[in-house]
Amino acid sequence: MRRAGSVLASALDAAREHCVSGCTTCELDQIVRKAIEEQGGSPLFLGYGERYGSGGQARPPFPAATCISINEELVHGVPGARVIRDGDLVSIDAGVRLDGWCADSAITVCVGDVAPERRALVECAEDMLAHAVSAIRPGLRWSTVARGMEAIACAANASIAVDFVGHGIGRELHEAPQVPNSVYASFLAQGDFTLRPGMVLAVEPMVVLEQPKRNGIGELVNPEVSLAADGWTVVLASGAPSCHVEHTVAVTRDGAEVLTCRGVAGDAWRRRAG
């Protein structure tokens, strides 16, 4: 999984470098796919299909190596002809399979002259992820980590996409357990878990630049979203910008190891996570 994570980190480094005004999301996807395949990996998202929703309706297989979501697109954006513009927040999510093992990671790139409140949103998401990595240790309940992540978002007046959670990862992209970025009653009752050495989790906060809202029992509620005609792209009804960051993180005997960090950017992120 370290090797898969290194391949993925390298591919996302290439994506960050080429994510500039004038590039299309399809071009960016091809850059990531080439970087993965040249290092012997397979794009984990390409051809992925799952069943979703209470009706069990099947999505079409995912047609690309990456999910690229811009501004009001929260997650699972399908690369295509959309042109990246100055001021955009571009979230690039990708996965790698290498020698039967998986890694999953996402970055959000601030393109050109980005408004301060948008940059602050990215800082918020990265702070949430850094907090999770620094807090992870054997014996801790995940709800304790998630509470800290939720507090960071609320202090920044950002809304968490609570319906979209992280997950276990290993031989497959999505494995148990579910790994939320906030705390709610049903998770505490049925889903909370104790961190143990050897667990590997994809931790992925998604935040939106809009006022957080709570339900009658004080839980954060998901911003209103819709599904685009492509069957994948999740779009915010408010049109507010959003941000998505993610790392594949292994629980070790004395803390955590990020498996999708490398190079200068990785060193800077490790320092941020403490």
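With respect to residue 65, determine if the residue is closer than 28 Å to residue 220 by Cα, open to solvent by less than 20 Å² (accessible area, probe 1.4 Å), touching a helix residue (DSSP H, G or I) at 6+ places or on another chain (Cβ under 7 Å) and at pLDDT 95 or above.
Here the answer is no, as residue 65 does not meet what is asked.
Here is a list of conditions, (1) farther than 19 Å from residue 92 by Cα; (2) touching a helix residue (DSSP H, G or I) at 6+ places or on another chain (Cβ under 8 Å); (3) open to solvent by less than 20 Å² (accessible area, probe 1.4 Å); (4) among the hydrophobic types (A, V, I, L, M, F, W, C), and residue 142 meets all of them except one; can you say which number that is?
That leaves (2) as the condition not met.
Out of 137, 118, which single residue is charged (D, E, K, R), surrounded by 15 or more Cβ atoms within 10 Å (Cβ to Cβ) and assigned to a helix (DSSP H, G or I)?
The match here is 118.
From the list 82, 2, which one is touching a strand residue (DSSP E or B) at 6+ places or on another chain (Cβ under 9 Å), under 22 Å from residue 237 (Cα atoms), open to solvent by 50 Å² or more (accessible area, probe 1.4 Å) and modelled with pLDDT of 95 or more?
Answer to the selection: 82.
Can you go through 210, 219 and tell me which one is among the acidic types (Asp, Glu) and within 21 Å of residue 177 (Cα to Cα)?
The unique qualifying residue is 219.
Here is a list of conditions, (1) of a type in the set (Ser, Thr, Tyr); (2) out of contact with any helix residue (DSSP H, G or I) (no Cβ under 7 Å at 6 or more places or on another chain); (3) not in a helix (DSSP H, G or I), and residue 186 meets all of them except one; can you say which number that is?
(3)
For region 189-211, which positions are assigned to a loop (DSSP other than H, G, I, E, B) and out of contact with any helix residue (DSSP H, G or I) (no Cβ under 6 Å at 6 or more places or on another chain)?
Those that are assigned to a loop (DSSP other than H, G, I, E, B) and out of contact with any helix residue (DSSP H, G or I) (no Cβ under 6 Å at 6 or more places or on another chain): 195, 196, 197, 198, 199, 204, 210, 211.
Considering every residue within region 262-271, establish whether at least one is open to solvent by 20 Å² or more (accessible area, probe 1.4 Å), at pLDDT below 95, out of contact with any Lys or Arg (no Cβ under 6 Å at 6 or more places or on another chain) and not in a helix (DSSP H, G or I).
Looking through region 262-271, at least one residue is open to solvent by 20 Å² or more (accessible area, probe 1.4 Å), at pLDDT below 95, out of contact with any Lys or Arg (no Cβ under 6 Å at 6 or more places or on another chain) and not in a helix (DSSP H, G or I).
Which condition number in (1) surrounded by fewer than 19 Cβ atoms within 10 Å (Cβ to Cβ); (2) more than 13 Å from the chain's Cα centre (by Cα) is the one that residue 164 fails?
With respect to (1) surrounded by fewer than 19 Cβ atoms within 10 Å (Cβ to Cβ); (2) more than 13 Å from the chain's Cα centre (by Cα), residue 164 is out only on (2).
The values are calculated or read from the model by the stated rules, or taken from the named source; none is laboratory data. The structure displayed is predicted, hence computed values, not measured ones. Positions of Cβ are backbone-derived with ideal geometry, glycine not excepted, and every protein chain shown enters the neighbour counts. Note: areas computed on protein heavy atoms with side chains; ligands, DNA, RNA excluded. Shrake-Rupley method; radii C 1.70, N 1.55, O 1.52, S 1.80 Å.
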